[in-house]
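What follows is a set of notes on a single structure, which appears directly below.
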Amino acid sequence: MRVVGQNDKSRRNGGAAGCGHVARGGIALLAVAAIAAGCAPPGDGGSQSALPSPSRQPLEAPHAKGPQAKEPLAKGPHAKDAPPKKFRSAQAARVAAAKHWRLAGVPLTPPPPPARKPAITTRAGFEVDGHEELGLPPVFTTVPTKQKVVFLTIDDGAEKDPAFLRMMSDLQVPYTAFLSDYLIKEDYGYFERMQANGVVLNNHTLHHPYLPALSYLRQKREICGMQEVIEERYGKRPLLFRPPFGNYDRNTLRAAKRCGIRYVPLWNEEVFVDRWDYREWDRKIRPGDIVLTHFRGREDWKGTMPDMIRRFLNKVTAEGYAVARLEDYL
Ligand SMILES: [Zn+2]
């Protein structure tokens, strides 16, 4: 049986794709190999050398009182183009939050959710046999849109940092969580608080196995089992599923469909606390890209969740991208 996974993708697409998960078991050697082979060296790509965007709003300009200051709040009450009061206070809160969390700029506000949802199809080369005929859920790495938005997705659930919840709530930056039961069960309440902040909790299996090694039935148990955990604990049955390590086969998608899954989003970039990795050869963010990261802390990488989010936001903001909610486009 053909196995579709990140590692063959990474070769096909120029090298960076397999920079997926940190192996938590013995089964992810392939993913580790891909990390060693294809990923960016530390310090590259995630640097702040991106082109400045005209819409970028410096947080604390040294000449904040000078003629350069274009902050709407500085405008007089009679300014012709003064934003409505409600917007001003929301924007003031974002400016304050960005400063508090030491971001380089204020995250851009995403456009309203699209009235007409884009048609999501499986990325070329990511299909399994009979994908369309069987109506299997699409596997994709980017959402088709011309808007300068990216989607943040966070996987697994090991790190449960209260500061991360505060940061994302303060900044009002949306994201989507893909959770594995063996990691979240030690503190279901943490993810309940996340959900209360508007985050959709999605399926990443019960035990994070390498799925293509399992029979159809065992795959189904991993996926349907997690559907039930999330439904029981959080009241909603997920529509989104991400296979561990990005590895799947035809049985995975058949099982996912049977469990009620509609979409299988993978990712086009991965952000770490110290770097970005890219699937595409030109190492560029594109409109609609899905960005992967993980619930990890100092035990796994040299920094905290807020440190990683800072790296993520500083780059996307500098390049003129807003962070939108993935579910709004599906
Ligand atoms: Zn994972």
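The values are calculated or read from the model by the stated rules, or taken from the named source; none is laboratory data. No experiment lies behind these values; they were computed from the predicted model shown. Because the Cβ atoms are built from the backbone with ideal geometry, glycine has one as well, and the counts that use them run over all protein chains shown. Side chains are part of the model used for accessible areas, which takes the heavy atoms of the whole protein and leaves out ligands, DNA and RNA. Shrake-Rupley method; radii C 1.70, N 1.55, O 1.52, S 1.80 Å.
Say whether the condition of being farther than 22 Å from residue 322 by Cβ and not aliphatic (A, V, I, L, M) is met by at least one residue in region 142-154. It would help to see each step written out before you state the result.
Our first condition is that a residue be farther than 22 Å from residue 322 by Cβ; within region 142-154, this holds for none.
No, every residue in region 142-154 fails to be farther than 22 Å from residue 322 by Cβ and not aliphatic (A, V, I, L, M).
Got at least one residue in region 196-205 being closer than 14 Å to residue 177 by Cα, open to solvent by 40 Å² or more (accessible area, probe 1.4 Å), more than 16 Å from the ligand (Cβ to nearest atom) and assigned to a helix (DSSP H, G or I)? Checked region 196-205: at least one residue is closer than 14 Å to residue 177 by Cα, open to solvent by 40 Å² or more (accessible area, probe 1.4 Å), more than 16 Å from the ligand (Cβ to nearest atom) and assigned to a helix (DSSP H, G or I). For region 287-301, a residue qualifies if it is more than 15 Å from the chain's Cα centre (by Cα) and of a type in the set (Phe, Trp, Tyr), and exactly one does: 301.
For (1) within 20 Å of residue 255 (Cα to Cα); (2) within 14 Å of the ligand (Cβ to nearest atom); (3) in a helix (DSSP H, G or I); (4) modelled with pLDDT under 95, each residue gets a yes or a no:
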site: 177; (1), (2), (3), (4): no, yes, no, no
site: 184; (1), (2), (3), (4): no, yes, yes, no
site: 209; (1), (2), (3), (4): yes, yes, no, no
site: 220; (1), (2), (3), (4): yes, no, yes, no
site: 237; (1), (2), (3), (4): yes, no, no, no
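Residues that are out of contact with any strand residue (DSSP E or B) (no Cβ under 9 Å at 6 or more places or on another chain) and farther than 19 Å from residue 176 by Cβ within region 302-315 comprise 302, 303, 304, 307, 310, listed in sequence order. With respect to the conditions (1) touching a Ser or Thr at 6+ places or on another chain (Cβ under 8 Å); (2) assigned to a loop (DSSP other than H, G, I, E, B); (3) buried (at least 18 other Cβ atoms within 10 Å of the Cβ), residue 159 lacks only one, and its number is (1).
So which of 254, 310, 298 is among the basic types (Lys, Arg) and in a loop (DSSP other than H, G, I, E, B)?
Values: 254 fails: in a loop (DSSP other than H, G, I, E, B); 310 fails: in a loop (DSSP other than H, G, I, E, B).
Only one candidate qualifies: 298.
Among residues of region 254-301 being open to solvent by 20 Å² or more (accessible area, probe 1.4 Å) and either touching a Lys or Arg at 6+ places or on another chain (Cβ under 7 Å) or aliphatic (A, V, I, L, M) (or both), the one that is farthest from the ligand (Cβ to nearest atom) is 287. Taken over region 239-253, the residue count meeting the criterion of being open to solvent by less than 10 Å² (accessible area, probe 1.4 Å) and either without any contact (Cβ under 8 Å) to a residue 24 or more places away in the chain or more than 16 Å from the ligand (Cβ to nearest atom) (or both) is 2.
Each row is one residue, and each column tells you yes or no for (1) among the aliphatic types (A, V, I, L, M); (2) modelled with pLDDT of 95 or more; (3) under 19 Å from residue 202 (Cα atoms); (4) under 16 Å from the mean Cα position of the chain (by Cα).
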residue	(1), (2), (3), (4)
240	yes, yes, yes, yes
244	no, yes, yes, yes
266	yes, yes, yes, yes
303	no, yes, no, no
306	no, yes, no, yes
315	no, yes, no, yes
326	yes, yes, yes, yes
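Selection of first residues in region 202-231 that are within 16 Å of residue 260 (Cα to Cα) and of second residues that are open to solvent by 50 Å² or more (accessible area, probe 1.4 Å), restricted to Cβ pairs under 6 Å at least 6 apart or on distinct chains, gives the following pairs, ordered by first then second residue: 227/237; 231/237.
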